[in-house]
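Heads up, the thing below is written out as structure tokens.
Each value in this text was obtained by applying a stated rule to the coordinates, not by laboratory testing. As the structure is a computational prediction, the values presented were derived from the model and not from experiment. No Cβ is skipped: glycine too gets one built from the backbone with ideal geometry, and neighbour counts run over all protein chains shown.
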Amino acid sequence: MSKIIDDILSSLSRSRIFRNRELLLPDYVPEELPHREEQIKRLVEILSPLMRGEKPNNIFIYGLTGTGKTAVTKFVVKKLHEKISNSFIYAYINTRQTDTPYRILADLLENLGSRVPFTGISTAELYRRFIKKVLELKPILVIVLDEIDAFVKKHGDDILYRLTRANYEMGKSKISFIGITNDVKFVDLLDPRVKSSLSEEEIIFPPYNAEELEDILKRRATLAFYNSVVSDDVIKLCAAIAARDHGDARRALDLLRVAGEVAEREGAEKLTIEHVNKARVEIERDRVYEVVSTLPFHSKLVLLAIVIGVNEKKRTLTTGEVYDVYTKLAKKIGVESVTQRRVSDIINELDMLGIITARVVNRGRYGKTKEVNLAVNEETVIKAISEKDSKVASLWDR
Ligand SMILES: Nc1ncnc2c1ncn2[C@@H]1O[C@H](COP(=O)(O)OP(=O)(O)O)[C@@H](O)[C@H]1O
Ligand SMILES: [Mg+2]
């Protein structure tokens, strides 16, 4: 018997599709970054004073998600460091993951070789230790702060202000910053002093077009898949879909990877258009699940009200009708409902997330209302709500 199991396991573990699936994961930094030559060149030029042991200007990098900002920055900083490791040290911090001022400072200190307890010290004290440590340093410190838009929206820009002031405070120019943002409009939220300090130099990452994405996918596919598993048609389709979605290379790579996983699960030998389409559905389902399951409580309740209302009435709902169903549901589980105004806001938020559609219609003398409908798979929504929130789940009985 155990021979059967061994055979199955070994045939499963011997992929016929992937030579190396890891190469398609989002965090992998490839050795080749086609169509970003200009950005790489600019970044190297701006950082070149490091060769003389001088502090480069601060750099602000903008571009939509999946335009290669993180990959290019990590690539350039790492390569430079390999060449001139004596003249600078660097720290890369993704501020969406390392998402408190305390953790950022602790991370920086740890990068400089100081151990920091998880709690118990004030942020101000950490900041003092950090300054002291940097003053003791010989080389320049390059700090990459990635996804600062997400961080600033949560915590404000106080820590950025402090960090970018550190050079003045020390009376020595020893730290260079590279700030990266996915949200181009975010700059308006920044304290003007932080903004002007960070944007001594700016590099813009434009979205990729379909041909560029094709190129990127081709090169990565050659390494990640076995020969002749992936046809040009498959690559073209993934590139076209991602190009429509603001030229996002991450999305293109995800599609290709998930299509490969689908093909593997089905025991296929090659990737087909069909696999890409299935991958698309799967990725969308995961996205909806992720978005819905992390919604705040009342947003989930409003969303459930929409699902229930649309099912009952077999048509789109007005904002008023959504509110009625919502208040009934809230009453049933004994929670206080939020105001109609707030429910309106929630409806707009759900619309922006692409979970529902809310189309404004003019009803003549009755004024304006919205036609609200679910925009995604109902089953996924219910699953996401009920697996993460038993109270809301108890309201769904079918
Ligand atoms: N020019 C490129 N060549 C190869 N892979 C790329 C290129 N640009 C982006 N990628 C890949 O696409 C994904 C998203 O890129 P990333 O740098 O994380 O984008 P951003 O930081 O702008 O959101 C990563 O897996 C990255 O390796
Ligand atoms: Mg990034």
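Under a 5 Å amide H to amide H cut-off, with H placed in plane at 1.01 Å, what residues pair with ILE356 once short-range neighbours are removed?
Counting only residues 5 or more places away or on other chains, the set is ASP351, ALA375.
ASP215 to ILE5: FRET efficiency via 1/(1 + (r/R0)^6), r the Cβ-Cβ distance, R0 56 Å, to the nearest 0.05?
That pair, ASP215 with ILE5, gives E of 0.85.
Kindly state, to the nearest 0.05, the FRET efficiency for ASP27 paired with ASN311, given R0 = 30 Å and r defined as their beta-carbon distance.
0.15
Positive end of the dipole of the chain, charges at C-beta (+1 Lys, Arg; -1 Asp, Glu), about the Cα centre: which of GLY247, LEU213, HIS155 has its Cα farthest in that direction?
Result: HIS155, furthest along the dipole toward the positive end.
What shape does segment 208-291 take by its C-alpha gyration tensor, where a ≥ b ≥ c are the square roots of the eigenvalues and a/c under 1.5 counts as rounded, a/b above b/c as prolate, and the rest as oblate?
oblate
Return VAL258, VAL29 ranked ascending by Cβ neighbour count within 10 Å, so the fewest neighbours appear first.
The most exposed by this proxy come first: VAL29, VAL258.
About the Cα centre, and with charges only on the beta carbon of Lys, Arg (+1) and Asp, Glu (-1), how big is the dipole of segment 208-291? Nearest 20 debye, please.
80 debye
Mind putting a number on the dipole of segment 294-393 about its Cα centre? Charges go on the C-beta only, +1 for Lys and Arg and -1 for Asp and Glu, and I need it in Debye to the nearest 20.
380 debye
How large is ³J(HN,Hα) for each residue in segment 330-343, as worked out from phi by the Karplus curve 6.51 cos²θ - 1.76 cosθ + 1.60 (θ = phi - 60°), to whole Hz, x for Gly and Pro?
Those phi angles translate into 4, 4, 3, 9, x, 10, 6, 7, 7, 5, 4, 4, 5, 4 Hz.
At 7 Å along the Cα-to-beta-carbon direction for both LYS154 and ARG363, put a label point, then send me their distance in nm to one decimal.
Modelled inter-label distance: 4.1 nm.
Please label the shape of segment 29-170 as rounded, prolate or oblate, based on the square roots a ≥ b ≥ c of the eigenvalues of the alpha-carbon gyration tensor (a/c under 1.5 means rounded; beyond that, a/b larger than b/c means prolate, else oblate).
It is oblate, given that a/c is not under 1.5 and a/b is not larger than b/c.
Which ³J(HN,Hα) values in Hz, rounded to whole numbers, follow from the phi angles of segment 365-376 under the Karplus curve 6.51 cos²θ - 1.76 cosθ + 1.60, where θ = phi - 60° and Gly and Pro get x?
Karplus-based 3J(HN,Hα) across segment 365-376 equals 6, 7, x, 9, 9, 10, 9, 9, 8, 6, 9, 10 Hz.
Going by Cα centres, segment 347-368 and segment 175-238 are how many Å apart?
33 Å
Between TYR161 and ARG265, what is 0.36 nm times their sequence separation minus the Cα-Cα distance? Round to one decimal in nm.
Length gained, TYR161 through ARG265: 32.4 nm.
So who's got an amide H within less than 5 Å of the one on TYR90, skipping anything under 5 residues away but keeping other chains? H placed 1.01 Å off N, in plane.
Amide H neighbours of TYR90, under 5 Å, 5+ apart: VAL142.
How would the chain be classified by its alpha-carbon gyration tensor: rounded, prolate or oblate, with rounded meaning a/c under 1.5 and the a/b versus b/c comparison settling the rest?
oblate
Treating only the Cβ atoms of Lys and Arg (+1) and Asp and Glu (-1) as charged, compute the dipole magnitude of the chain about its Cα centre; round to the nearest 20 debye.
Value, rounded to 20: 860 debye.
Could you check what % of the DSSP bridge pairs in the chain are antiparallel, to the nearest 5?
30 percent
Could you list the residues of segment 277-299 with an amide nitrogen less than 20 Å from a label point located 7 Å from the Cα of TRP396 in the Cα-to-C-beta direction?
Output list for this probe position: 281-299.
On a 32 Å Cα-Cα criterion, which of the cross-link pairs LYS185/LYS328; LYS78/LYS185; LYS83/LYS270; LYS69/LYS391; LYS195/LYS383; LYS69/LYS172 come out too long?
Too far apart for the 32 Å limit: LYS185/LYS328; LYS83/LYS270; LYS69/LYS391; LYS195/LYS383.
Would you order VAL76, VAL291 from fewest to most other beta-carbon atoms within 10 Å of each residue's own beta-carbon?
VAL291, VAL76
Can you work out the Karplus-derived ³J(HN,Hα) for every residue in segment 183-192? Use 6.51 cos²θ - 1.76 cosθ + 1.60 with θ = phi - 60°, whole Hz, and x for glycine or proline.
10, 5, 7, 4, 3, 5, 7, 7, 3, x
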